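The structure under discussion appears below in the form of C-alpha cells.
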Amino acid sequence: MGEQGRELPVRDWLPRAAALLVGTLALATAFIAAYVGALHKPTPRDVPVGVVRSDQRAEAVLAAVRSRTHTIKPVGYDSQDRAIDALTSREVYAVLHSGPGGSLTLTTASAAAPAATDLVGQVLGQAARQANLPLQVTDAVPVSAEDPRGLVPFYLAVGLVLGGYLASTALGISLGTAPRSLPRAALRIGTLAVHSVLLGIIGAVLVGPVMYIWDHDVVAVALVGALTVFAAGMVAAAVQGWLGLLGTGLVILLLVVLGNPGSGGIYAPEFLPTFLRGMHRWNVPGLATDLLKSAVYFDWRSGRWPLVGLLSWAVLGILGLATSAVFQAHRRRIRAARARSTAADRPVADG
C-alpha cells in the first residue's frame, strides 16, 4: 500500500486536530490575558515598610503618606532590632527610623525587589521634603551589580521550571504519559531526578562562573535549581499521567500562563492585581524565585516556606505519578480479565 493509502481519513483526524487547535487557542488567549492584564500597568498597593512604634517622627511621616495613598503600608515593631530583622527576613522592603539631628534614615533591601525599594524611596523622599526633614537612604541587602533590576532569580526560575516540565513531556511522548507499572514509574522518577541535578548545576554555573552574577553561591543555586526542576517535572508527570495530553495543557496553564506573572519575579507581589498577589507563595515559579533570593541574598532567611512548598510539590508529584501507574495497571488487568471471560463464553465453531 502506498504512502497516500496509509493516511487517515479526514473524519478520523479532523476532530482531534480541531480539539488540539481549540486548546492551543485557549492557552494562547489565557497567556495574553494573564501577562498583559497583570503586567501592563503595575499598580503598587500596601507595600510594607517597617517602623518602630515609639519613633514618633518616622511614624508621623508614614501616617501622612498613608492618609494620602495606600501605596505604602506601615508595619510597626517594638524595637529597631526587630524591624531590621523583619527587613532581612523579607517581611518588609524598608525600615524608616529617625536619625541624628532631626533627620530620617530609610534602610532598604533592594535584593528583595528593586522596583519596590525604588518606589518606597521615591514616595518617602517626597514626603520627607514636604516635611522639611532630610532623608538618608542606605541599602542593607543590595542586589547584585550584574543584576540591577533583580530579574535573574525570576528568569533562572523560569528556565528551571521549563526544563522540568519539558523533560516530563518528552518522557511522556517517548514512553507514554502514564507508566505501565510502579517499577516503570520509579525509573521515570529516577530519570527526572538525574535530569534535575544536571540542569541545576548547569544553571548555577551559567549565572556563576560564566556570567559572574552569583559566582560565590554556585552550590546554593545548584541545590535550589535541582529541587525546582524536580518539583516542576514531577508535577507535570503526575498531571500528565492522569490526564494525558489534556494534562500537558493544564501544566502549561499552571506553571507558565498563571505561574510566571504570579511569581512576583517581574514585579513584586504588591504591584500585581489582587488575584495574583498571593500566588507566589504556592506556585512553583514563585516558590523557586523566593528560594533563590533567600539563598543568594538573605542567608536562607525567609526560605523555610519556599523550601517546604517545593518539597511538597515534589512529593505530591511522586505520589500522583505512582498512583496513576497503579491505576493504569489495574485497568489493564480488568481489561485482560474481561477479554478472557469473553473468549471463554464464545461458542466453539463446529469443525
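Could you check F275 against (1) of a type in the set (F, W, Y); (2) in contact (Cβ under 8 Å) with a residue 60 or more places away in the chain; (3) within 20 Å of R45 (Cβ to Cβ) and say which number it fails?
(2)
Could you list, in sequence order, all residues of the stretch 86-95 that are touching a Ser or Thr at 6+ places or on another chain (Cβ under 7 Å) and either buried (at least 18 other Cβ atoms within 10 Å of the Cβ) or on the phi > 0 side of the Ramachandran plot (or both)?
Just the residues of the stretch 86-95 that are touching a Ser or Thr at 6+ places or on another chain (Cβ under 7 Å), to begin with: 87, 89-90, 93-95.
L87, R90, Y93, A94, V95 - these are the residues of the stretch 86-95 that are touching a Ser or Thr at 6+ places or on another chain (Cβ under 7 Å) and either buried (at least 18 other Cβ atoms within 10 Å of the Cβ) or on the phi > 0 side of the Ramachandran plot (or both).
Which members of the stretch 170-181 meet the condition of being of a type in the set (A, V, I, L, M) and either modelled with pLDDT of 95 or more or outside any loop (DSSP other than H, G, I, E, B) (or both)?
Quick first cut of the stretch 170-181, residues of a type in the set (A, V, I, L, M) only: 170-171, 173, 175, 178.
Listed by number, the residues that qualify are A170, L171, I173, L175.
Looking at the structure I just gave you, is T228 assigned to a helix (DSSP H, G or I) and out of contact with any strand residue (DSSP E or B) (no Cβ under 9 Å at 6 or more places or on another chain)?
Details: assigned to a helix (DSSP H, G or I): yes; out of contact with any strand residue (DSSP E or B) (no Cβ under 9 Å at 6 or more places or on another chain): yes.
Yes: the conditions hold for T228.
Checking T248 against (1) over 19 Å from G309 (Cβ atoms); (2) modelled with pLDDT of 95 or more; (3) among the hydroxyl-bearing types (S, T, Y), which single condition isn't satisfied?
So the condition that T248 fails would be (2).
Are any of the residues in the stretch 271-278 of a type in the set (F, W, Y) and farther than 21 Å from L27 by Cβ?
So the first thing to find is which residues in the stretch 271-278 are of a type in the set (F, W, Y), and the list is 271, 275.
Retained after the next criterion (residues that are farther than 21 Å from L27 by Cβ): 271.
Among the residues of the stretch 271-278, at least one is of a type in the set (F, W, Y) and farther than 21 Å from L27 by Cβ, which makes the answer yes.
Out of the stretch 28-55, which residues are closer than 24 Å to A113 by Cα, part of a helix (DSSP H, G or I) and hydroxyl-bearing (S, T, Y)?
Within the stretch 28-55, Y35 is the sole residue that qualifies.
Going by the conditions given, is S67 over 17 Å from A112 (Cβ atoms), touching a Leu at 6+ places or on another chain (Cβ under 7 Å) and of a type in the set (S, T, N, Q)? First the steps, then the outcome.
Values: over 17 Å from A112 (Cβ atoms): yes; touching a Leu at 6+ places or on another chain (Cβ under 7 Å): no; of a type in the set (S, T, N, Q): yes.
It is false that S67 is over 17 Å from A112 (Cβ atoms), touching a Leu at 6+ places or on another chain (Cβ under 7 Å) and of a type in the set (S, T, N, Q).
Looking at the stretch 293-314, I want the residues that are surrounded by 14 or more Cβ atoms within 10 Å (Cβ to Cβ) and have a partner that is charged (D, E, K, R) with Cβ atoms under 6 Å, at least 6 apart or on another chain. Which pairs are those?
Close Cβ pairs satisfying both conditions: V296/D217; S302/R90; P306/D290.
Consider the stretch 272-292. How many of its residues are surrounded by fewer than 18 Cβ atoms within 10 Å (Cβ to Cβ) and either of a type in the set (S, T, Y) or over 20 Å from L87 (Cα atoms) (or both)?
4
Would you mind finding the one in V219, V235, V197 that is in a helix (DSSP H, G or I), modelled with pLDDT of 95 or more and either surrounded by 24 or more Cβ atoms within 10 Å (Cβ to Cβ) or of a type in the set (S, T, Y) (or both)? Working first, answer last.
Working: V219 fails: either surrounded by 24 or more Cβ atoms within 10 Å (Cβ to Cβ) or of a type in the set (S, T, Y) (or both); V197 fails: either surrounded by 24 or more Cβ atoms within 10 Å (Cβ to Cβ) or of a type in the set (S, T, Y) (or both).
Residue meeting the stated conditions: V235.
Taking the conditions exactly as written (loosely packed, with under 13 Cβ neighbours inside 10 Å and not assigned by TED's automatic domain parsing to the domain that holds A178), does R340 satisfy them or not? Reasoning before the result, please.
Values: loosely packed, with under 13 Cβ neighbours inside 10 Å: yes; not assigned by TED's automatic domain parsing to the domain that holds A178: yes.
Considered against the rule, which asks whether it is loosely packed, with under 13 Cβ neighbours inside 10 Å and not assigned by TED's automatic domain parsing to the domain that holds A178, R340 comes out as yes.
In the stretch 1-33, which residue that is among the small types (G, A, S) and at pLDDT 85 or above is surrounded by the most Cβ atoms within 10 Å (Cβ to Cβ)?
In the first step, residues of the stretch 1-33 are kept if they are among the small types (G, A, S); the result is 2, 5, 17-19, 23, 26, 28, 30, 33.
From the residues that got through so far, the ones that are at pLDDT 85 or above too are 26, 28, 30, 33.
Numbers: A26: 13, A28: 11, A30: 16, A33: 11.
Among them, the one singled out is A30.
A322: surrounded by fewer than 22 Cβ atoms within 10 Å (Cβ to Cβ) and aliphatic (A, V, I, L, M), yes or no? So that I can check it myself, show each step before the final result.
Numbers: surrounded by fewer than 22 Cβ atoms within 10 Å (Cβ to Cβ): yes; aliphatic (A, V, I, L, M): yes.
Answer is yes for this residue.
Which of the numbered conditions does A83 fail, given that it passes all the others? Conditions: (1) under 19 Å from A131 (Cβ atoms); (2) crowded, with 16+ Cβ neighbours inside 10 Å; (3) of a type in the set (A, V, I, L, M).
(1)
Does S98 fit the bill of being of a type outside the set (A, V, I, L, M, F, W, C), touching a Ser or Thr at 6+ places or on another chain (Cβ under 7 Å) and crowded, with 19+ Cβ neighbours inside 10 Å?
Values: of a type outside the set (A, V, I, L, M, F, W, C): yes; touching a Ser or Thr at 6+ places or on another chain (Cβ under 7 Å): no; crowded, with 19+ Cβ neighbours inside 10 Å: yes.
It is false that S98 is of a type outside the set (A, V, I, L, M, F, W, C), touching a Ser or Thr at 6+ places or on another chain (Cβ under 7 Å) and crowded, with 19+ Cβ neighbours inside 10 Å.
If a residue must be exposed (fewer than 13 other Cβ atoms within 10 Å of the Cβ), within 22 Å of R90 (Cβ to Cβ) and not acidic (D, E), how many such residues does the stretch 124-148 contain?
Going through the stretch 124-148 one residue at a time, the tally reaches 3.
The values are calculated or read from the model by the stated rules, or taken from the named source; none is laboratory data. Keep in mind that this is a model prediction, so the values were computed, not measured. Here Cβ is always computed from backbone atoms with ideal geometry, including for glycine, and neighbour counts include all displayed protein chains.
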